[in-house]
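Below is one structure; the comments refer to it alone.
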Amino acid sequence: MADKRQNEPMPDVLLELTEGYGEILAMLDQSIAMRRIVDEVPELSGVDVAWLGEPDGGDRIVLGHTVNARTPAVNGLVVPHGCGLGGQVLLRRRPLWVSDYRRSDTITHDFNAQAETEGLGAMIAVPVLHEGRLLSVLYGSNRETSALGDRTTQALEQAASRAATAAVTAERARHAAEIAVHEERRRIALELHDTVGAMLFSIGAGIRTLADELPDGDSAHTRLNDLKEQATQAAAALRVSLHALSAPPEQVALGVALRGDCRAFQERTGIIARFITVTEVPSLSPAHIKAFKDVTREALLNVEKHARARSVVVSAFTLSGGVCVTVADDGVGPPPAYGFSGGLGLSAMSERLGRLGGEVHVLRNEDGGVSVQAWIPA
Ligand SMILES: Nc1ncnc2c1ncn2[C@@H]1O[C@H](COP(=O)(O)OP(=O)(O)OP(=O)(O)O)[C@@H](O)[C@H]1O
Ligand SMILES: [Mg+2]
């Protein structure tokens, strides 16, 4: 029966879903997404050849992802700040073009040999930027020397903007996956601590009691001492492993902590709780992470006590030189007569963040529910 099903053609709707899933996965893989965007550049803009320059950590880009190239001359070229056309784009952060790459007097000519080998004439380079950060440089070139028209420039600019979106989407997806992995590791570590850790402790204690009950000089003492020693060593090894498992890297520590709180909250209350990072968030000190964790816990507790919500979203993002964590629910909102007064939780939150130079705002959402916004300078 399984064979029969394998031979049956896939229904159209499933096929569409499978293709859609493939598309999404491709978007989430930065390298594949970039490749696709560069692939489309010749057709969309009319240039003969296209490629991409990607930063490699220093003040330079490395060229690759060539489309329609005749030779490998461009692939792997390292372009430092200020050199050639791409180097100028690195400096000026705006699209630039030349009608004759090898003879232009507006750029340096470090790469004339490669341009000649590949047979490149007019060339355009457009920065792929996200919030001022250079993600890559998109290139287009014609074999002929000629002025590049508006259509080419606009098409390259549009492709660069799509490339920026793709890169950021992929980065977010990777970050979210990393948070999920570390949060799971932490959960497993805590579970092992509570089960295996506790078992090892009671084995050790049992051996000690047995040893106390045996008369002095009994031959079993040596054997029991060995067993006690082994149990102590096993407990120490477990502690080291648990520590490694439960300590997330700095750049995902906030996400891991808040995702863990969301999971525990959902398990306890049945209210759906999600954590998302909206923008990249800088690494934070343990004190800052603890403050955000405390605020989130109190805000989630308030959701449980007062909101009658079906779902709550905890999000983290950078804002005005700091980091903001919001807890937004879809519940009934505060009682009209009392607003947010009457308790200690919100004012304690405000004090705690104030000590770190931060602040808390509690707002009624336009479509019902409450948002708690906590901000700390980074
Ligand atoms: N998510 C929410 N949905 C609806 N109302 C809320 C929400 N969060 C807070 N409130 C309202 O704001 C009031 C003040 O909240 P606060 O946390 O300061 O005190 P509390 O939860 O009542 O008591 P506690 O001192 O134990 O925290 C609440 O009593 C409630 O009326
Ligand atoms: Mg409260």
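Of all residues in region 365-378, which are at pLDDT below 95 and within 16 Å of ligand 2 (Cβ to nearest atom)? The one that is at pLDDT below 95 and within 16 Å of ligand 2 (Cβ to nearest atom): G369.
What number of residues within region 231-258 are part of a loop (DSSP other than H, G, I, E, B), buried (at least 18 other Cβ atoms within 10 Å of the Cβ) and of a type in the set (A, V, I, L, M, F, W, C)? Show your work before the answer.
At the first step, the residues of region 231-258 found to be part of a loop (DSSP other than H, G, I, E, B) are 247-249.
From the residues that got through so far, the ones that are buried (at least 18 other Cβ atoms within 10 Å of the Cβ) too are 248.
Subset that is of a type in the set (A, V, I, L, M, F, W, C): none.
Qualifying residue count for the region: 0.
The single condition among (1) touching a residue at least 12 places away in the same chain (Cβ under 8 Å); (2) within 28 Å of the chain's Cα centre (by Cα); (3) assigned to a loop (DSSP other than H, G, I, E, B) that L135 does not satisfy is (3). Screening I276 with (1) outside any strand (DSSP E or B); (2) modelled with pLDDT of 90 or more; (3) in contact with a strand residue (DSSP E or B) (Cβ under 8 Å, 6 or more places away or on another chain) gives one miss only, at (1). Could you look through region 249-301, keep only residues that are aromatic (F, W, Y) and away from ligand 2 (no atom under 16 Å from the Cβ), and pick out the one that is farthest from L353 (Cα to Cα)? So the residue we want is F275. You will find that of L254, L238, L214, the residue that is in contact with a strand residue (DSSP E or B) (Cβ under 7 Å, 6 or more places away or on another chain) and modelled with pLDDT of 90 or more is L254 and no other. Residue pairs whose Cβ atoms lie under 6 Å apart, separated by 6 or more positions or on different chains, with the first residue in region 188-212 and open to solvent by 40 Å² or more (accessible area, probe 1.4 Å) and in a helix (DSSP H, G or I) and the second modelled with pLDDT of 95 or more and polar (S, T, N, Q), do not occur.
Given the structure, is A337 in the same structural domain as A273 (by TED's automatic domain parsing) and without any contact (Cβ under 8 Å) to a residue 12 or more places away in the chain?
Numbers: in the same structural domain as A273 (by TED's automatic domain parsing): yes; without any contact (Cβ under 8 Å) to a residue 12 or more places away in the chain: yes.
Yes.
All told, G53 meets the bar of being open to solvent by less than 10 Å² (accessible area, probe 1.4 Å) and in contact with a helix residue (DSSP H, G or I) (Cβ under 6 Å, 6 or more places away or on another chain). Close Cβ contacts (under 8 Å, 6 or more residues apart or on different chains) running from residues in region 302-322 that are free of Cβ contacts under 8 Å to residues at least 60 places away in the same chain to residues that are open to solvent by 40 Å² or more (accessible area, probe 1.4 Å) and among the aromatic types (F, W, Y) comprise L319/W375; S320/W375; G322/W375.
Does E351 meet the test of being among the charged types (D, E, K, R) and part of a helix (DSSP H, G or I)?
Values: among the charged types (D, E, K, R): yes; part of a helix (DSSP H, G or I): yes.
Yes; evaluated as a whole, the condition is true for this residue.
Residue count for region 289-325, restricted to those that are under 25 Å from R133 (Cα atoms), touching a helix residue (DSSP H, G or I) at 6+ places or on another chain (Cβ under 9 Å) and open to solvent by 40 Å² or more (accessible area, probe 1.4 Å): 0.
Restricting attention to region 115-124, does a residue exist that is assigned to a helix (DSSP H, G or I) and surrounded by 15 or more Cβ atoms within 10 Å (Cβ to Cβ)? Walk me through how you get there before you give the answer.
In the first step, residues of region 115-124 are kept if they are assigned to a helix (DSSP H, G or I); the result is 115-118.
Checking which are surrounded by 15 or more Cβ atoms within 10 Å (Cβ to Cβ) leaves us with 115, 118.
Scanning region 115-124, I find at least one residue that is assigned to a helix (DSSP H, G or I) and surrounded by 15 or more Cβ atoms within 10 Å (Cβ to Cβ), so the answer is yes.
When region 322-337 is limited to residues that are over 25 Å from the mean Cα position of the chain (by Cα) and more than 21 Å from V312 (Cβ to Cβ), the one that is modelled with the highest pLDDT turns out to be P336.
Looking only at residues of region 302-332 that are away from ligand 2 (no atom under 16 Å from the Cβ) and in a loop (DSSP other than H, G, I, E, B), we find that the one that is farthest from G369 (Cα to Cα) is G321. For region 259-273, the candidate set comprises residues that are assigned to a helix (DSSP H, G or I) and more than 20 Å from the chain's Cα centre (by Cα); within that set, the residue that is surrounded by the fewest Cβ atoms within 10 Å (Cβ to Cβ) is E267.
Here's a check for you: in region 333-356, which residue that is closer than 23 Å to G368 by Cα, more than 12 Å from ligand 2 (Cβ to nearest atom) and not small (G, A, S) is least open to solvent (accessible area, probe 1.4 Å)? Among those residues, the one meeting the criterion is P335.
The values are calculated or read from the model by the stated rules, or taken from the named source; none is laboratory data. Everything numeric here is computed off the predicted structure, so don't read it as measured data. Reconstructed Cβ throughout: ideal geometry from the backbone, glycine too, with neighbour counts over all protein chains shown. All accessible areas refer to the heavy atoms of the entire protein, side chains included, with ligands and DNA or RNA removed. Shrake-Rupley method; radii C 1.70, N 1.55, O 1.52, S 1.80 Å.
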